[in-house]
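None of the figures in this text is laboratory data; all of them are computed from the coordinates on show. As the structure is a computational prediction, the values presented were derived from the model and not from experiment. With ideal geometry, Cβ positions are generated from the backbone for all residues, glycine too; neighbour counts draw on all protein chains shown.
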């Protein structure tokens, strides 16, 4: 094969100071005013309910938004991969939790090196484990450094993905972990019920977290009896964090999506126990074709993830209400949603259409840049072009 | 916001010459032997049926695979965006067709510049249009160059996305286009029935293409009568190309997925009119957690697109047959598919699991590198680390 490793220079989709009109399409745009309001509401919630806020950075994948959250009172950030943690550390974050299992020796050496780096800067690295083999592999990799790593035992409270089953198995695993001190420091339990976040009714979400909390409470009682009380229980997402916070079990919450909010979370019934959040993440697109009953814009599922459903259209004043249909990698098909009254049924060739992605996290992952605007989607200006440093699977 | 445009250095997931075992996970791996066999079969088909082969590069997004196809007899490549065309041109390709509508002035200036560049190198650029506004905008942008651009009128033969309706409207549009000569050169019709590619039975796919061909034949008769006969009709994909080739209408076919083949195309009933294609694209992943009834590997929908369904598992000898369930951005959940006989029900912690992505094109878009291996997934070696130059929406 004739292949080189060279890449092309990154194309800047907008310049700082330009109006929103000048942003090339398709582009991922963050409404900074809305994101800031979301963040302030979440920070106030955490303070009022006396829980630590450790937002999940797998959502925004950017050091700039990590710092915005730290400045608002977050104690640190979660990441889901080693690479995300490395990227945030390169971007200046010092207190990171890899809320996932890592078992490859090559990756665990990176974990150990990162623990060393963060310790040297006065910060710390934490990671999850869910089996003896994971503890053994991690301990092996940590032998080359004198830095310690905080370790949370992941407990499966209903998601059915990673995590040890609640009950006696947790006690056994914590005992194995505690025996690895001081290089592995038992930091507590990680318990995230991902399957509960998008249950549509408040009652369903609360019931799912209540079931998980019951298992977790019984597990904590076993740990207390074994004199292995967890220093901290961490978990929770944007759909349920008020219930974890109210349980008296979780001392730290990990929501991610609240900052940008997506169309799928907007489909959840509003929980009065949680503050309201606004859409702050949009794909700016342009109409490239108009037919008799539909129009086509230039943003497809290469611009917005569709794992949690397609995007919705965010109409600006004067624009017709539109439904969306999957048009492939590079296009979304727009059809009239309802009678628009005196509005035209469809946008015209060249018009701007703002899409609200179905799911923030994988949408951000599709883009190299977030265009951060201040002053709204109509009259705003570009305040920053934010690199998505932790993008990809590297 | 405190944000810089700097990016992190790319992490290489494998080195040329290393064994397949050494490839870090998750990684996108191409079996070069299988890809080569697919390409040879397609090239032979095109030659035997006397159609030009212009593979769609939105599938692999790489200059290296573009050159592999050109060396096998392809007349050029299709792209779906200006950026993809720019990337392939930067990688040395000289004959490109942007099979999509482009209407933003900023992008059309790039189109004009690219037409100029390719002309200067002895190549050519083509693009699609589907309305008078599109022709007007393109002509405007071409005023700054003396290079001509080939223009295909896109006809909607059933996909319901872009394209002018078959019949008299095509004649009107071709007339408008022909009046813009010589800077806009009427090159023919672009007619792609994307909706037909994944109809499961051969009969359904053939019927869908037959319906489109009927409309196209009538449209061509109108054009012939108006002395606007199309120099070429181009279109077709991996699911149906034999029918377009047999119709006597299409002189050029644009399949993309045949080179790598995905799980969704494998769900199509095999068409005896087409050569067989093998899976050549895989995600290498690793088991990071094992529970009572399932295991979890480290490749989620950030590693493989799920717009056309989840991945399937490609078991190597000795591995249990497994079903997959969506485990989120960074994980896939593996469950026993059936009794594995004497095999274990689940893989063990640390085991390698090879996934076959549901859909090639957006899967490749998630990755910065394709790891090209020779000699198979068990004993093969890395022959090249191929940059996905045309990745993203830049």
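Counting from the shortest, the label point at residue B:133, 7 Å from Cα toward Cβ, is 5.8 nm from the same position in each remaining copy. May I ask for log10 I(q)/I(0) of segment B:322-394 at q = 0.14, 0.20, 0.23 Å⁻¹, from a Debye sum over the Cα atoms as equal point scatterers with solvent left out? Log-scaled intensity ratios, in q order: -0.67, -1.11, -1.21.
Scoring B:291-302, B:210-221 by mean Cβ neighbours within 10 Å over their residues and listing the highest first yields B:291-302, B:210-221.
Counting, for every residue in B:128-137, the Cβ atoms of other protein chains within 10 Å of its Cβ and taking the mean gives 3.
For the protein assembly as shown, take the convex hull of the Cα atoms, compute a quarter of its surface area, and give me that in nm², please. Please list the in-between numbers first.
Values: hull surface 131.5 nm².
Quarter of the Cα hull surface area: 32.9 nm².
Relative to the longest principal axis of the Cα atoms of chain B, the long axis of helix B:105-120 makes an angle of roughly 90 degrees.
Label-point spacing at residue A:168 relative to the other copies reads 8.3 nm, in ascending order, each point sitting 7 Å out from Cα along Cα→Cβ.
Here is how far apart the residue B:41 label points are across copies: 5.4 nm, shortest first, using a point 7 Å from Cα toward Cβ.
Counting Cβ atoms of other protein chains within 10 Å of each Cβ in A:305-312 and taking the mean gives 3.
Report, as an integer, the average count of C-beta atoms from other chains found within 10 Å of each Cβ along A:362-370. List each step's numbers first, then the result.
Details: counts 8, 0, 0, 4, 7, 3, 6, 6, 2.
Per residue, the average neighbour count from other chains is 4.
Most simply put, the protein assembly as shown has about 50% antiparallel DSSP beta bridges, counting only bridges with both residues inside it.
With the convex hull drawn around the C-alpha atoms of segment B:24-63, the volume per residue stands at 83 Å³. With the Kirkwood sum run over all distinct C-alpha pairs, segment B:10-77 has a hydrodynamic radius of 13.7 Å. Taking all Cα-Cα distances within segment B:5-139, those exceeding 26 Å account for 38%. Eigenvalues of the alpha-carbon gyration tensor of segment A:32-260, scaled by 5 and square-rooted, set the equivalent ellipsoid semi-axes at 26, 23, 14 angstrom, largest first. For chain B, the longest principal axis of the C-alpha atoms and the axis of helix B:32-48 are separated by about 30°.
In chain B, helical runs assigned H by DSSP with n ≥ 4 each contribute -39500 (n - 2.57); averaged across all residues and rounded to the nearest 500, the mean residue ellipticity at 222 nm is -9000 deg cm²/dmol.
Legend: Rg and Dmax of chain B, from Cα coordinates, 22.4, 72 Å.
Once the Cα gyration tensor of segment B:131-198 is diagonalised, what are the square roots of 5 times its eigenvalues, in whole Å and ordered largest first, as equivalent ellipsoid semi-axes?
Details: eigenvalues 119, 31, 19 Å².
Semi-axis lengths for segment B:131-198 are 24, 12, 10 Å.
Axis angle, to the nearest 10 degrees, between helix A:132-142 and the longest C-alpha principal axis of chain A: 90 degrees.
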